Structures are given as structure tokens and as C-alpha cells.
1. With the requirement that a residue be surrounded by fewer than 17 Cβ atoms within 10 Å (Cβ to Cβ) and out of contact with any helix residue (DSSP H, G or I) (no Cβ under 6 Å at 6 or more places or on another chain), what does segment 14-39 give you?
2. Working only within segment 49-59, note down all residues that are out of contact with any helix residue (DSSP H, G or I) (no Cβ under 8 Å at 6 or more places or on another chain) and either surrounded by 20 or more Cβ atoms within 10 Å (Cβ to Cβ) or outside any strand (DSSP E or B) (or both).
3. Tell me whether segment 67-80 contains one or more residues that are in a strand (DSSP E or B) and over 12 Å from the mean Cα position of the chain (by Cα).
4. Residue pairs, Cβ under 9 Å, 6 or more apart or interchain, first in segment 14-32 and without any contact (Cβ under 8 Å) to a residue 40 or more places away in the chain and at positive phi, second surrounded by 12 or more Cβ atoms within 10 Å (Cβ to Cβ) and in a loop (DSSP other than H, G, I, E, B). List them.
5. Quick check on my filter: what residues within segment 1-47 are within 14 Å of residue 94 (Cβ to Cβ) and over 15 Å from the mean Cα position of the chain (by Cα)?
6. Which residues, counting only those in segment 70-92, are without any contact (Cβ under 8 Å) to a residue 12 or more places away in the chain and over 19 Å from residue 34 (Cα atoms)?
7. Tally the residues that are closer than 20 Å to residue 27 by Cβ and either part of a strand (DSSP E or B) or modelled with pLDDT under 95 (or both), restricting the search to segment 91-110.
8. Is it the case that residue 115 is surrounded by fewer than 17 Cβ atoms within 10 Å (Cβ to Cβ), outside any loop (DSSP other than H, G, I, E, B), touching a strand residue (DSSP E or B) at 6+ places or on another chain (Cβ under 8 Å) and at pLDDT 95 or above?
């Protein structure tokens, strides 16, 4: 499998996990010229912009640690575009989540859903 296929596989796992835990998937791989959001979902009253990260082992750190400030800014910019494009009110509660997927040395898959993983970062 190439990187894109691997990414799609883990995004599928994340989508299934989110659905099983009460989220309604609105769309996947939403793109603008600024970047991409892996999953947009509705969870309770929130529209969630979700980044999926996976790791096989912790040699390079935990999966969620890969969602650094730069990546958070990109996600926030793309979420602004998404909200504008679909006419989502500024009063609609939103949240920025991370789904971290870890595959351990025994090939066991561990999924963690970090709700409200980071706060909105305004564009400059």
C-alpha cells in the first residue's frame, strides 16, 4: 500500500470509530487551497473539524503530537472556509478534535478521540 492508501485506511477506521461513538460524519477530506480537514462531523451540538493521525510505534512520539501549531492553524483556516461556504452561523458551536490511532508491536490498534484537542487560531 502507498501512503495515500494507508491514510485512507486509517481515516476509514477513524470514521467507523466516530460513528460507533455517536458522531455523524458530514464529509471527509474537505479541501480548500489552504489545506485539508480529514473529517467533518456532528457530535451532539458541535460541528467538529477532525484531524486523523496514526503511528506504528512511539519512536517518533504519540500520534496526537503530530498535530502541531502549524497544522492547527491550517485546520482553522480551512474550517473558516468550510463555515463560510456552507453558511454556518458564527453562533454554531464548533470544536477541533484529533483522532489518534496507534498500532502497537502486536498489531493491536488503539484509537483515542481527543475532543476539543485545540482551540481556534485566528488567521493573521
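The values are calculated or read from the model by the stated rules, or taken from the named source; none is laboratory data. Remember, it's a predicted structure, so these values are computed and weren't measured experimentally. Every residue, glycine among them, receives a Cβ derived from its backbone with ideal geometry; neighbour counts consider all protein chains shown.
1. 16, 19, 20, 21, 22, 24, 26, 27, 29, 31, 33, 36
2. As a first pass, look at segment 49-59 and keep what is out of contact with any helix residue (DSSP H, G or I) (no Cβ under 8 Å at 6 or more places or on another chain): 56-59.
Passing the criteria: 57, 58, 59.
3. No: zero hits.
4. none
5. Correct list: 44, 45.
6. 89, 90, 91 - these are the residues of segment 70-92 that are without any contact (Cβ under 8 Å) to a residue 12 or more places away in the chain and over 19 Å from residue 34 (Cα atoms).
7. 7
8. On the way: surrounded by fewer than 17 Cβ atoms within 10 Å (Cβ to Cβ): yes; outside any loop (DSSP other than H, G, I, E, B): yes; touching a strand residue (DSSP E or B) at 6+ places or on another chain (Cβ under 8 Å): yes; at pLDDT 95 or above: yes.
The answer is yes for residue 115.
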